[in-house]
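**Student:** Okay, here's the structure, questions in a sec.
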Amino acid sequence: MSTNLSFPGRTISAGSKDSANVLRIQSRLNDVGCGPVKEDGIFGPETLDAVELFQSRSVDQFGMPLKMDGRVGPMTWATLFAVEIKPQVATTSSALLSQTLGQAAKEVGVREEPLGSNRGPRVDQYLRSVGLDPTKGSFAWCAAFVYFCFDQACIGLSMKNPVVRTAGVLEHWNEAGTRGIHRLSADECRDEPSLVQPGMIFIITTGGGHGHTGLVEGVRGIALTTIEGNTNEDGSREGIGVFRRATRRISDMNRGFIDYGESGSLPT
């Protein structure tokens with residue numbers, strides 16, 4: 001059987017009706033010594049155990065251990081069938097998202113002054129863009145950074161900014177839902193990673209009503225390149241600057257993604 005197989009676009013897991021691809025998975029699991037697995041096209045407990053065994057022994061093409069969840073998503077598929085995952089380039093058919101990503105890229109390297117203060121000349125601009133006075137308190141600014149990048153893009157495009165104007169990560173998520181803005185849940189993106197596209201806003205909830213957010217710049221399988229404010233190299237939600245990060249996974253985004261790509265060209 002040829003191992004030059006492209007990921008089918010949807011995660012394959014227990015109970016999957018995609019018998020043709022389940023059969024391919026079963027055959028390959030036997031080939032790589034994770035069987036014996038009955039090659040019947042049925043993703044049952046035996047196949048689940050074999051997938052988990054393969055995942056426990058394997059790393060992805062970036063050298064990261066596969067998540068041992070018994071599900072064949074793009075990273076497990078690519079490793080199992082020795083298929084290279086090509087990145088989606090940081091472009092989009094949406095002028096708004098393209099301009100926003102361009103603005104975000106220019107902000108990479110901005111740091112708080114002093115570090116750890118939630119302040120600084122540029123950070124203050126981010127906060128003021130969502131209506132906060134940085135002299136009146138210490139404010140987390142990851143959501144303000146996202147809004148600012150969209151706002152600068154909208155100025156250049158002579159259009160109204162469609163993004164919810166808030167410094168609250170979960171407030172943004174909730175209000176986007178109220179307004180009917182396109183949202184993708186964590187579960188549907190985990191099952192169908194191809195839904196996640198450059199320019200989308202990721203939303204993470206960290207408990208206690210808090211969260212973290214940033215922009216998706218690139219996608220490779222379930223691996224993301226992101227641009228985030230108020231973070232650091234380790235991905236903290238209370239970091240010191242604007243960073244480009246290449247260690248996020250779609251599964252890390254436990255609330256979901258917001259897509260303003262269809263917000264169009266609302267006139268100013």
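**Student:** Can you tell me which residue in the stretch 224-247 is modelled with the lowest pLDDT, limited to those that are open to solvent by 10 Å² or more (accessible area, probe 1.4 Å) and in a strand (DSSP E or B)?
**Tutor:** Applying the filter and picking the extreme gives THR247.
**Student:** Can you report the number of residues in the stretch 53-76 which are open to solvent by 60 Å² or more (accessible area, probe 1.4 Å), of a type outside the set (A, V, I, L, M, F, W, C) and either under 19 Å from ASN21 (Cα atoms) or in contact with a strand residue (DSSP E or B) (Cβ under 9 Å, 6 or more places away or on another chain) (or both)?
**Tutor:** Residues in the stretch 53-76 being open to solvent by 60 Å² or more (accessible area, probe 1.4 Å), of a type outside the set (A, V, I, L, M, F, W, C) and either under 19 Å from ASN21 (Cα atoms) or in contact with a strand residue (DSSP E or B) (Cβ under 9 Å, 6 or more places away or on another chain) (or both): 4 in total.
**Student:** Taking the stretch 118-166 only, how many residues are open to solvent by less than 30 Å² (accessible area, probe 1.4 Å) and assigned to a loop (DSSP other than H, G, I, E, B)?
**Tutor:** Total satisfying the criteria: 9.
**Student:** Separate question: Out of everything in the stretch 12-24 that is assigned to a loop (DSSP other than H, G, I, E, B) and charged (D, E, K, R), what residue ends up being surrounded by the fewest Cβ atoms within 10 Å (Cβ to Cβ)?
**Tutor:** Once the filter is applied, the top-ranked residue is LYS17.
**Student:** TYR126 fails exactly one of the following numbered conditions: (1) modelled with pLDDT of 95 or more; (2) within 30 Å of CYS34 (Cα to Cα); (3) among the aromatic types (Phe, Trp, Tyr). What is the number of that condition?
**Tutor:** If we test TYR126 against (1) modelled with pLDDT of 95 or more; (2) within 30 Å of CYS34 (Cα to Cα); (3) among the aromatic types (Phe, Trp, Tyr), just (2) comes out false.
**Student:** Now, a different point. Can you tell me which residue within the stretch 248-268, out of those that are among the small types (Gly, Ala, Ser) and at negative phi, is modelled with the highest pLDDT?
**Tutor:** Selected residue: GLY261.
**Student:** Please go through (1) outside any loop (DSSP other than H, G, I, E, B); (2) touching a Leu at 6+ places or on another chain (Cβ under 9 Å); (3) open to solvent by less than 60 Å² (accessible area, probe 1.4 Å) for LEU170 and return the number of the only condition it doesn't satisfy.
**Tutor:** Evaluating LEU170 over (1) outside any loop (DSSP other than H, G, I, E, B); (2) touching a Leu at 6+ places or on another chain (Cβ under 9 Å); (3) open to solvent by less than 60 Å² (accessible area, probe 1.4 Å) leaves (2) as the failure.
**Student:** Give the residue that is nearest to the chain's Cα centre (by Cα), with candidates limited to residues of the stretch 165-197 that are modelled with pLDDT of 95 or more and closer than 18 Å to SER94 by Cα.
**Tutor:** LEU184
**Student:** Of the conditions (1) surrounded by fewer than 22 Cβ atoms within 10 Å (Cβ to Cβ); (2) touching a helix residue (DSSP H, G or I) at 6+ places or on another chain (Cβ under 6 Å), GLU175 clears all except one; give me its number.
**Tutor:** For GLU175, the exception is condition (2).
**Student:** Just a yes or no: is a residue in the stretch 131-138 hydrophobic (A, V, I, L, M, F, W, C) and closer than 23 Å to ASP259 by Cβ?
**Tutor:** For the stretch 131-138, residues hydrophobic (A, V, I, L, M, F, W, C) and closer than 23 Å to ASP259 by Cβ: absent.
**Student:** For the stretch 194-213, what are the residues that are open to solvent by less than 40 Å² (accessible area, probe 1.4 Å) and on the phi > 0 side of the Ramachandran plot?
**Tutor:** Answer for the stretch 194-213, where residues must be open to solvent by less than 40 Å² (accessible area, probe 1.4 Å) and on the phi > 0 side of the Ramachandran plot: GLY199, GLY207.
**Student:** Also, quick follow-up: Counting only residues that are under 30 Å from the mean Cα position of the chain (by Cα), over 23 Å from VAL196 (Cβ atoms) and touching a residue at least 40 places away in the same chain (Cβ under 8 Å), which one in the stretch 25-50 is least open to solvent (accessible area, probe 1.4 Å)?
**Tutor:** LEU29
**Student:** May I pose another question? From the list GLY70, GLY116, GLY109, which residue is farther than 23 Å from LEU224 by Cα and not acidic (Asp, Glu)?
**Tutor:** The match here is GLY116.
**Student:** Which one of these does VAL216 not meet: (1) part of a strand (DSSP E or B); (2) within 17 Å of ALA176 (Cα to Cα)?
**Tutor:** (2)
**Student:** Which ones in the stretch 77-110 are open to solvent by 40 Å² or more (accessible area, probe 1.4 Å), at pLDDT 95 or above and assigned to a loop (DSSP other than H, G, I, E, B)?
**Tutor:** Within the stretch 77-110, VAL108, GLY109 qualify.
The values are calculated or read from the model by the stated rules, or taken from the named source; none is laboratory data. Here the structure is a predicted model, which means the values were calculated and not measured. All Cβ positions, even for glycine, are placed from backbone atoms using ideal geometry, and neighbour counts span all protein chains on display. Side chains are part of the model used for accessible areas, which takes the heavy atoms of the whole protein and leaves out ligands, DNA and RNA. Shrake-Rupley method; radii C 1.70, N 1.55, O 1.52, S 1.80 Å.
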